[in-house]
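Visitor: For reference, the structure I am asking about is given below.
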Amino acid sequence: MAHKLRQLLWPLLGMLALSIALQAASLVAVVEIDARVDRNRRYAVAATSLFDIVEQFENATYLALVGLAASDWEMLLRQRAAAQALAERFTTLSGAMLRGDGQGTLGELPPEGIQEPEALGALTALMKSWDKANVAHVRVLRSENHALKNNPELEEFRAASQGLSEAALEVSVLLQNHRREELRLLGLIQRVIPVGAFLLTLLLFGFVIQRIFLPFVASTEELEQSETALRVARDELERRVAERTEELARANEALRHAHDGLELRVKERTQELKDTQRRAVELARQAGMAELATNVLHNVGNVLNSINTSATLLGERLRALRLPPLLKLAGLLEEHRADLGTFVTGDERGRRLPEFLGKLGENLATERDEMLAMTEALHRHVDHIRTIVELQQGYAVSSSLVEAVSLEELIEDALRINGAALGRHGVSLERHIAPLPRLMVDKHKLLQIILNLISNAKYALNGNPPGERRLIVKVERLAEERVSVEVSDNGMGIAPELLTKIFQHGFTTRKEGHGFGLHSCALAARSMEGSLMVHSEGLGKGATFTLELPFRPDTGTPGQVTA
Amino acid sequence: MKVLARNSFLLLGLAGAFALVGSAFLWWFMGEPEAVRAPAPVLAPAPAEHPPSAGKTIRLAMSAAYVSELGVGVYARLARYLTEKTGIPIEFVTGLSYGTINSMLEEGTVQSGFICGQPYVLLHDDPQPKAWLIAAPIMKAARYKGQPIYFSDLIVREDSPFQRLQDLKGRTYVYNDEISNAGYNMPRYRMLELGLTQGFFGKVLRSGSHEESIRMVADGEADASYVDSLVLDYDREKGIGHAHAVRVIESAGPSSIGPLVASSKMPVEQRDKLQHALVTMHEDPEGRQILDEALLERFTLVQDSHYDGIRSMMVAAEKAGFTAIR
């Protein structure tokens, strides 16, 4: 289609361009010739004027001569002045014709001089004739009036003026002829242009009819035929489209059903997973509680051991109390009831009696003090047990409750719970606890973690000789919103390959361990948005457990339950 | 459509109509041909000049003794200056012979004139003097020594072999005017002194003006001429004539310079006004400028006796019977 259009367009445009070019060229030619004709007209008019000036100049000169001859001085002066003025006009006008009226002083003449060589030659000749005639004019008027008869200068002027008239006439005729010639040319071109335009228009119409109009009519008929065929094809197409649309709708419906089923199943599975998670969390919490209880009971057992020991010792001491000497003294005194005075003063044994009583009293006082001390220890042990139980109850009650807690107090509680065991194992304790404000935390989970870490450390220190068992607890604020609790020991250490497994469920190195403690600690730390990390240089080089927690200062609001 | 398509003649007809309309438009657009336009008016001759006459106009003639036609411009300015200073409208007249100007002064056709010394003497020495002296110019050049005097220079063509007057025997001599002092009276007296009175020149011509004499010598139409040193100076200074093509072989003079005279028909008060304006001209900046342009130092008052030298030369020629140069 585009190709066909181009085939039509190019010749059409070509003809159009040709037409425009022809018209433009014709117009330019007409304008140019018009300008030339106008210029020549002006020059012809000027030449006529020159001729007139020459005639008038000659007449004025002759009249001046008449004035001179007749001694009519007024006439002489008038005619000479007129001749002078004419001479000036001749000079101005002929100069303008030769060089052009650049300044436009004469108005009538074009700004460029005469171009035609023939006319130019004639004008130059005219100006030479003029110079000659003017000189003759000056000379003849300078003649004396009595010498005018047979005056050669008069003859000279006559001859010069005749030549001048002829030259002026020639210029005038030449320019007139030239003008006529160019007028003829102009008329010719003006006649040719409409004919050319007519022929060109005919050509253009012929082309339009032959190449555009007739093919257009033919194609209109073809179009009508093909329109019918197209309509049939379109109906068929519409029918097929409707079928396909219906199929697609059905497929779409099936897909929507499948989609709904899938969504239902996803919801079910999600619910199942949520339940499982909740159960797991519950189990972990119960396991934590069990761990805590085990720990507490272990400690309580330790204290009970101490009570038992103290009670045994007290019994032994009571049994070993020095009662026989006292009973022997009482028999002796009964024996000497009558002569107690003599016995005390005269008898050797009686004299030693006060000394003996004094010593006995001292002994008994000592014994009593010792036994009182033992009784005191018993009281203390019992108090310890009560404390442990109270603490455990306190933490057990606050399950999953976030509340304002003093980290320092919580650690002291943990150490107190473990106090007896640590003392028994001869573990020396170091505290580096930075003073911190109370923070919002799950108290129960935190205590569980710390008790676990202390218990592990205590176990790890068992291999060390007594006196070299050291436990360090360190609390510091890492950043504005971060706090850490470090529990370090110089015990058995951890092999590097085990560092990655230590928090896994079921991992343990203890014979009686079940591998649940550190795993649940790590879970608890994570549930508090914290983390639990371990560091060890290797076996025999101790270990450091670090619990990092977000530091949320006490906002003064009552505790809130976490999800 | 179909009807049109099957009828090509109808289409061609339409095309023809269209073309005709287009042609008509073109015809209209281009205008009618030049030939049918009205002929342009012929340049009408300028109307004769009638200078506005504020009071009675007087005529001031200038003879060829001065700067001739070449210097008309500057003397026309001088005339305008005088009009301005005196309030007398002055018409400037040139291009006439000495005799004609004298006749006009005599009859009062012109009222004043820059004329040659001899024409003045002729006018004044009438039993009833026809002209009175107004003033005379002093030239600037050193040669004139601050006096109202001038010379008559004998010129020959630049490439001619002549060295002195005697060399010109049998040659063509040209003079300007028979009553010219520098062109006729002084050479005639010089020839008288030298005894060259018996047809010395081969041919004697009249030129009408010093300027024309110089041209004729330069162009070879004559071999020699005595010309006014003022005209020669002016031509040389301005480079406007043919003075460059001639050389001076000897000078006669000095003699009394041509004066500005008043016709006896001129009212005395007008004469006095002109005189005052002229002799004070060099003190006026505008006057000074005109004087400079005309190579003049100033105008001065002169007495009639200043022209006695001319008179005696005239008398000597008459006595000797040698009135016409031959």
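Visitor: Suppose we keep just the DSSP beta bridges with both residues in region A:399-563; what percent of those would be antiparallel, to 5?
Guide: Bridges in region A:399-563 are about 80 percent antiparallel.
Visitor: Follow-up. Enter the mean number of other protein chain beta carbons within 10 Å of the beta carbon of each residue in A:190-203, as an integer.
Guide: 4
Visitor: A further question on this structure: Normalising by the residue count of region B:249-326, find the relative contact order in percent from Cα pairs under 8 Å and 6+ residues apart.
Guide: Value for region B:249-326: 30 percent.
Visitor: To the nearest 20 debye, what charge dipole does region B:143-285 have about its Cα centre, counting +1 at the Cβ of each Lys and Arg and -1 at the Cβ of each Asp and Glu?
Guide: 380 debye
Visitor: Which one, A:Val389, A:Ala24, A:Ala522, projects farthest toward the positive side of the charge dipole computed for chain A from Cβ point charges (K/R +1, D/E -1)?
Guide: A:Val389
Visitor: Here's a follow-up. Just how far, in whole angstrom, is region B:289-326 from region B:179-210 if you go by their alpha carbon centroids?
Guide: 15 Å
Visitor: At each listed q (0.07, 0.10 Å⁻¹), what is the log10 of I(q)/I(0) that the Debye formula gives for the protein assembly as shown modelled as equal alpha-carbon point scatterers?
Guide: -0.83, -1.11
Visitor: Mind checking the dipole of region A:18-218: about its Cα centre, +1 per Lys or Arg Cβ, -1 per Asp or Glu Cβ, Debye to the nearest 20?
Guide: 560 debye
Visitor: Further, regarding this structure: At a probe of 1.4 Å, how much accessible area disappears from chains B and A on forming the pair, both sides counted, to the nearest 100 Å²?
Guide: Counting both chains, the buried surface is close to 4200 Å².
Visitor: Mind checking the angle between helix A:324-335 and chain A's longest principal axis? C-alpha axes, 0 to 90 degrees, to the nearest 10.
Guide: 30 degrees
Visitor: Taking 7 Å along the Cα-to-C-beta vector as the label spot, tell me the A:Leu120-A:Glu480 distance in nanometres, rounded to one decimal.
Guide: Each label point lies 7 Å from its Cα, and together they span 10.1 nm.
Visitor: A:Leu340 to A:Arg438: extension gain in nm, 0.36 nm per residue of separation minus the Cα-Cα distance?
Guide: Length gained, A:Leu340 through A:Arg438: 27.7 nm.
Visitor: Taking only C-alpha pairs under 8 Å that are 6+ residues apart, what is the relative contact order of chain A in percent?
Guide: It rounds to 10 percent for chain A.
Visitor: Output the direction-averaged projected area (hull surface divided by four) of the convex hull of the alpha-carbon atoms of region A:246-357, in nm².
Guide: Value for region A:246-357: 12.2 nm².
Visitor: How far, in degrees from 0 to 90, does helix A:73-99 lean away from the longest principal axis of the Cα atoms of chain A, to the nearest 10?
Guide: It is inclined by approximately 50 degrees.
Visitor: Summarise the partner chain shielding of A:171-184 as one whole number: the mean count of Cβ atoms from other chains within 10 Å of each residue's Cβ.
Guide: That average works out to 1.
Visitor: May I ask you to give the percent of accessible area on chain A that is carbon plus sulfur, with a probe radius of 1.4 Å?
Guide: Carbon and sulfur atoms account for 59 percent of the accessible area of chain A.
Visitor: If you don't mind, there's one more thing I want to ask. Tell me, what does the Kirkwood hydrodynamic radius of region A:399-563 come to in angstroms if you use every pair of distinct C-alpha atoms?
Guide: For region A:399-563, the Kirkwood estimate is 16.4 Å.
Visitor: Now a separate question. Please work out the C-alpha center-to-center distance from region A:155-197 to region A:437-482 and express it in whole Å.
Guide: What the calculation gives is 133 Å, centre to centre.
Visitor: Evaluate the distance, in nm, between pseudo-label points positioned 7 Å from the Cα of B:Thr280 and of A:Thr387 along their respective Cα→Cβ axes.
Guide: 14.7 nm
Visitor: For the Cα atoms of chain A, what angle does the longest principal axis make with the long axis of helix A:517-527, in degrees from 0 to 90, nearest 10?
Guide: Rounded to the nearest ten degrees, it is 40.
Visitor: If you don't mind, another one. Non-local amide H neighbours of B:Thr300 (under 5 Å, H modeled in plane, Pro and chain starts lacking H): which ones?
Guide: For B:Thr300, the qualifying residues are B:Ala136, B:Ile138.
Visitor: Name the shape class, rounded, prolate or oblate, that the alpha-carbon gyration tensor gives for region A:28-173, where a ≥ b ≥ c are the square roots of its eigenvalues, rounded holds for a/c under 1.5, and otherwise prolate holds if a/b is larger than b/c and oblate otherwise.
Guide: It is prolate, given that a/c is not under 1.5 and a/b is the larger ratio.
Visitor: Keeping all protein chains in position, work out how much accessible area A:Trp73 exposes to a 1.4 Å probe, and write it in Å² to the nearest 10.
Guide: Using a 1.4 Å probe on the heavy atoms, I get roughly 10 Å².
Visitor: Ok, one more. If you roll a 1.4 Å probe over the heavy atoms of the protein chains, what accessible area per residue do you get for the protein assembly as shown, in Å²?
Guide: 53 Å²
Visitor: Quick check on the protein assembly as shown: of the DSSP beta bridges with both residues there, what percent are antiparallel, nearest 5%?
Guide: Percentage antiparallel, nearest 5: 75.
Visitor: Moving to a separate point now. With a 1.4 Å probe and all protein chains in place, put A:Arg6, B:Arg188 in order of accessible area, largest first.
Guide: Descending accessible area places them as A:Arg6, B:Arg188.
Visitor: With point charges of +1 on the Cβ of Lys and Arg and -1 on the Cβ of Asp and Glu, referenced to the Cα centre of region A:399-563, which listed residue (A:Ala434, A:Pro553, A:Ile472) lies farthest in the positive direction of the dipole?
Guide: Value: A:Ile472.
Visitor: Below 8 Å between Cα atoms, with a sequence gap of 6+, how large is the relative contact order for region A:18-218 in percent?
Guide: 29 percent
Visitor: Hey, got the dipole for the protein assembly as shown? About the Cα centre, +1 on K and R Cβ, -1 on D and E Cβ, debye to the nearest 20?
Guide: In debye, rounded to 20, the protein assembly as shown gives about 2280.
Visitor: Now, a different point. Summing +1 for each Lys or Arg and -1 for each Asp or Glu, what net charge is found among the other residues whose Cβ lies under 11 Å from the Cβ of B:Gln118?
Guide: Overall, the nearby charge balance is -1.
Visitor: Moving on to the next point. Set Lys and Arg Cβ to +1 and Asp and Glu Cβ to -1, take the dipole of chain A about its Cα centre, and tell me which of A:His146, A:Val192, A:Leu461 lies farthest positive.
Guide: A:Leu461
The values are calculated or read from the model by the stated rules, or taken from the named source; none is laboratory data. None of the values given here were measured: they were computed from a predicted structure. Reconstructed Cβ throughout: ideal geometry from the backbone, glycine too, with neighbour counts over all protein chains shown. Side chains included, ligands, DNA and RNA excluded: accessible areas come from the protein's heavy atoms. Shrake-Rupley method; radii C 1.70, N 1.55, O 1.52, S 1.80 Å.
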